[in-house]
Amino acid sequence: MKEFKIGVGELISFLYASGDLSSETFQNVSLLEGTKAHQYLQSKYQSTDDAEVFIQYSFSYSDDILITLSGRIDGLLNRNDEVMIEEIKSTRKNIFSDDFALNLEHLSQLKMYAYMMMKNKNLTDILGRVTYIQLSDYQVRHFESYFDVDLLESFFTESIERYLKWLEKLYLHYERKKETIKNLYFPFDTYRRGQREMMTAVYQTMMDDDLLYAIAPTGIGKTMASLFSTLKSLHEDNQKIFYLTAKTQGKKVALDTMDMLHESGLETKTLELTSKDSICFLEKRECDPEKCPFAKGFFDRLQEAMEDIFDHETLMTRSVVERYARKHMVCPFEFSLYVSYFVDVIICDYNYVFDPRAHLIRYFDEENYKPLLLIDEAHNMISRSRDMYSSTIIRSDFIKIRRLANQMKPTIRNAVKKVLDHFALYEERLATKPFLSIEYPGDELIDVLRHLMKKIENAIKENPKYPKKADVMEGYLSILGFIRIFEYYNDAYVTHIQKLEDGDITITLQCLDASAFIHDTIKHKAYGTVFFSATLYPIEYYQTLLTESKGETLKIKSPFDPNRLKLMILNQISTRFQDRSSSISLVSQTIKRVVESKKGNYIAFFPSYHYLNQVLDALPKNISCDYFIQERDMSQDLRDVTLDRFKTENQRSQLGLFVMGGMFAEGIDYVGDMLHGVIVVGVGLPMLSEQNNELKDYYQQKFDQGFNYAYTYPGMNKVIQAVGRVIRRKEDYGIAVLIDDRFTTQTYQKLYPLEWKKPTIIKDHEHLSKELSQFWETYEDKK
């Protein structure tokens, strides 16, 4: 007998959502705000009333189908000895305007709960109401209904029959998925060294709902290992794999891996999520149904679009999503979010899981699904986690909001002035010191921001057709994001006030340590998590700053012969900031020796653009190479053109002058003759600044690891990433030259990856040339 477990909210949304995609849909009502509004109304319930009542109703649809419906009723009220069901909906709309009406989806949800209650309690009739609460002032409006069980029978039966057609399709997919996963074989004849070890650990982690940190070197096939073993661990229909990566290239590798598994017989649905701004079809994003044809009537076309892509696609890349979105005239971003409910693997950025302003509520605030998390390039997560729990407001943005809304009635000018007055409080102090750090932003700032939000909400309600509404809403959403982050403010936060070079002022809620928030998501909302990267050194640093020192660890040796990388250290040179002017000539001479030792492609990585340009100016004019330079804010197209130059045959050496930790230093496979060697100038320390020193002081006080956590470890990670560009396949060989005396100190030697065996200490440039010559001769002879 087939058993279908159906959530009422999911069924009703599937069947009865209709109309336009408006600002209400774009997660403007956060879970926190909605919950507070619900709790406000529920706090006024009588002693005989009940809130958040779980309800379940099971019945046999046919001889071979059992259906269990479940949900949670907002309120079960006792009014004049009669039971009344209440559904609460929070909104930013003006609920008292003439065109405000009871939403079909909300009424249908109330009907479903009414029918389930009557069947469970053997009632013939029941009262119900949908209650709308305005978030701006908590005013309410009720829409009451009287329900008869016999009259609701046809509504209930028709709803179940319509939804069952989709469920049968979904059920067949789940059965095929389980069958093909069971029969799926590893798509290669042999395992790479370390690959099976990682697969075993990942599989066990997912089966045990555990947490793992894996140092997975380049070449072991970590993407295939993690996805294959996680797929093999799936045993419940509501499990969903999230493959998280920060880079476009990381997404591509994951998509290619799933494509290969599909070619090997796997039947799953895989979806790539792309940011709203990137995938929007309009030249300028305007999430307004009056201006965007893909938002107008969105819900009327959504179901057909979703079933179309589900029926015909297995690998739903960005281009595939865009094609179906254009075909059915639906917003590609919101369409992809909806499709995600029905796929098995989601490939996306970290923020869809961890950012409190952007995470996917259905997966990480509700209990319908069991997410399994694969977090690639996890060395990026510490800085990203701090960013995701930080937020900034800028004075000029409020001046812009005031200008944009100057024709709105009621006016928001006084509310904006109160915010600007708060910025002005810091003006005098910033005149002598352009950066201030305080423990708490002050309740007054938050109060004036909330006041401004309410004024904007009221103005929008009164001016729904305002020409610059989208621009005003953009400013509103930035304030909303700031307020949301404030809800997390604790001892791991400080507030930064900074005067920019152009005179503008920023106020930032700066998170210094997001480990408690990240760990909470993993512990309470995920069902198995693996952080993996080639450069999680030292692994305890990542455990501490991501998951409060929790998690198992796995360190895998590189599958490549360590002798194929000639690692050399010039420890006679200091690249410290105060020594850089005296180091420039020595660094430029080192680069010249390297690129002239053998015709090939080389990269010199620098800690800053300024240092890069200083060395560029000092490079000998007779150096035998062509070179190209990374510039600030380099476009993706120019990056691709630069990379193409590494792939072309050239008459003489080519040299890239790039910045550590930038777009050329991570997530790129320079395979074969694309790259023969790297020169890493310095230990990659983050820039000395008041912000980084603040991190140092916090880490020192909390972990007794101030300088290491704020400077040493993040810097060394960039160095290891840069060196890791050289050997990408077992056939590759090449050189890496590290320039700085600190590389031979005990502090840095402890951070060497397992495969960095006995680097050669270079005495002078003659010694460097000799070592280079011997290495190239050795491997040229082996060709």
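The values are calculated or read from the model by the stated rules, or taken from the named source; none is laboratory data. Here the structure is a predicted model, which means the values were calculated and not measured. Neighbour counts are summed over all protein chains in view; Cβ atoms, including those assigned to glycine, are modelled from backbone coordinates with ideal geometry. Just the protein is used for accessible areas: all its heavy atoms, side chains included, with ligands, DNA and RNA removed. Shrake-Rupley method; radii C 1.70, N 1.55, O 1.52, S 1.80 Å.
Once the 1.4 Å probe is applied to the protein heavy atoms, the stretch 724-783 comes out at 54 Å² accessible per residue.
As a size descriptor, the averaged projected area of the C-alpha convex hull of the stretch 716-783 was calculated at 5.2 nm². For the chain, the fraction of C-alpha pairs farther apart than 50 angstrom is 24 percent.
Near LEU655, the amide H atoms lying under 5 Å from its own belong to TYR602, ASP626, TYR627, PHE628; only residues 5 or more places off or on other chains count, and H is placed 1.01 Å from N.
When nucleic acids and ligands are ignored and a 1.4 Å probe is applied, ARG193 ends up with an accessible area of around 130 Å².
Under the rule a/c < 1.5 gives rounded, and otherwise a/b versus b/c splits prolate from oblate, where does the stretch 555-628 land using the Cα gyration tensor? Oblate shape, in that a/c is at least 1.5 and b/c is the bigger or equal ratio.
Across the options MET224, HIS767, GLN134, the greatest Cα extent toward the positive end of the charge dipole of the chain (unit charges at beta carbon of Lys, Arg, Asp, Glu) belongs to HIS767. Once a ≥ b ≥ c are taken as the square roots of the eigenvalues of the Cα gyration tensor of the stretch 489-638, is the result rounded (a/c under 1.5), prolate (a/b larger than b/c) or oblate (a/b not larger than b/c)? The shape class here is oblate. Rounded to whole Å, give me the distance from the Cα center of the stretch 335-410 to that of the stretch 480-495. Between the Cα centre of the stretch 335-410 and that of the stretch 480-495, the gap is 15 Å.
Taking the accessible area of the chain, probe 1.4 Å, and keeping the other protein chains in place, the carbon and sulfur fraction comes to 46%.
Note on the stretch 110-178: lysine pairs with Cα distance below 26 Å, sequence gap of 8 or more or different chains, count 9. Residues whose amide H comes within less than 5 Å of that of GLY297, counting only those at least five positions distant or on another chain, are ASP20, LEU21 (H built at 1.01 Å from N in the peptide plane). Over 16 Å apart: what share of the alpha carbon pairs of the stretch 425-508 falls there, rounded to a whole percent? When every Cα pair of the stretch 425-508 is considered, 61 percent fall beyond 16 Å.
A 1.4 Å probe run over the stretch 606-662, with the rest of the protein chains in place, finds 54 Å² accessible per residue. Over the stretch 550-590, the pair-distance histogram of Cα-Cα distances with 10 Å bins from zero comes to 20, 27, 19, 27, 7 percent, rounded to whole numbers.
Show log10 I(q)/I(0) for the stretch 139-219 at q = 0.17 Å⁻¹, two decimals, from a solvent-free Debye sum over equal Cα scatterers. One equal scatterer on each Cα of the stretch 139-219 leads to -0.92. Each other residue within a Cβ distance under 10 Å of GLN721 adds +1 if Lys or Arg and -1 if Asp or Glu, for a net charge of 0. In terms of Cα atoms, the Rg and Dmax of the stretch 648-783 work out to 17.3, 56 Å.
Here is what passes the span test in the chain: the DSSP H helices with alpha carbon length of 20 Å or more along the helix axis and a Kyte-Doolittle mean of -1.0 or above are 104-121, 149-183, 248-263, 298-312, 443-462, 469-486, 580-595.
For the stretch 105-156, relative contact order (Cα pairs under 8 Å, six or more residues apart, normalised by length) works out to 37 percent. Once the 1.4 Å probe is applied to the protein heavy atoms, the stretch 1-159 comes out at 48 Å² accessible per residue. Compactness of the stretch 288-337, taken as the C-alpha radius of gyration over 2.2 N^0.38 Å, stands at 1.07. Each Lys and Arg contributes +1 and each Asp and Glu -1, all at the Cβ; summed about the Cα centre of the stretch 343-392, the dipole is approximately 140 debye.
If only the Cβ of Lys and Arg carry +1 and only the Cβ of Asp and Glu carry -1, the dipole of the stretch 463-580 around its Cα centre is close to 440 debye.
Antiparallel beta bridges, as assigned by DSSP with both residues in the chain, represent about 35 percent of the total such bridges. Report the net charge of residues surrounding PHE59, where surrounding means a beta-carbon distance below 14 angstrom and charges are Lys +1, Arg +1, Asp -1, Glu -1. Here the charged neighbours net out to -2.
In a fully extended conformation the segment linking ASN406 and PHE707 would gain 103.4 nm over its present Cα-Cα distance, using 0.36 nm per residue. Look at the dipole of the stretch 33-107 built from charges on Cβ: of LEU69, ILE85, GLN56, the Cα furthest out on the positive end belongs to ILE85.
Among 512-520, 374-382, sorting by the average number of other beta carbon atoms lying within 10 angstrom of each residue, highest first, gives 374-382, 512-520.
Look at the Cα gyration tensor of the stretch 1-146: its axes a ≥ b ≥ c give a/c of at least 1.5 with a/b at or below b/c, and that counts as oblate.
Only the Cβ atoms of Lys and Arg (+1) and of Asp and Glu (-1) were treated as charged; on that basis the dipole of the chain about its Cα centre amounts to roughly 2440 debye. In the stretch 530-594, if the dipole is taken from +1 on Lys/Arg beta carbons and -1 on Asp/Glu beta carbons about the Cα centre, which of GLN572, THR547, SER588 is farthest to the positive end? Looking along the dipole axis, the top candidate is SER588.
Could you please put GLU82, GLU105 in sequence from largest to smallest accessible area, using a 1.4 Å probe?
Largest to smallest exposure gives the sequence GLU82, GLU105.
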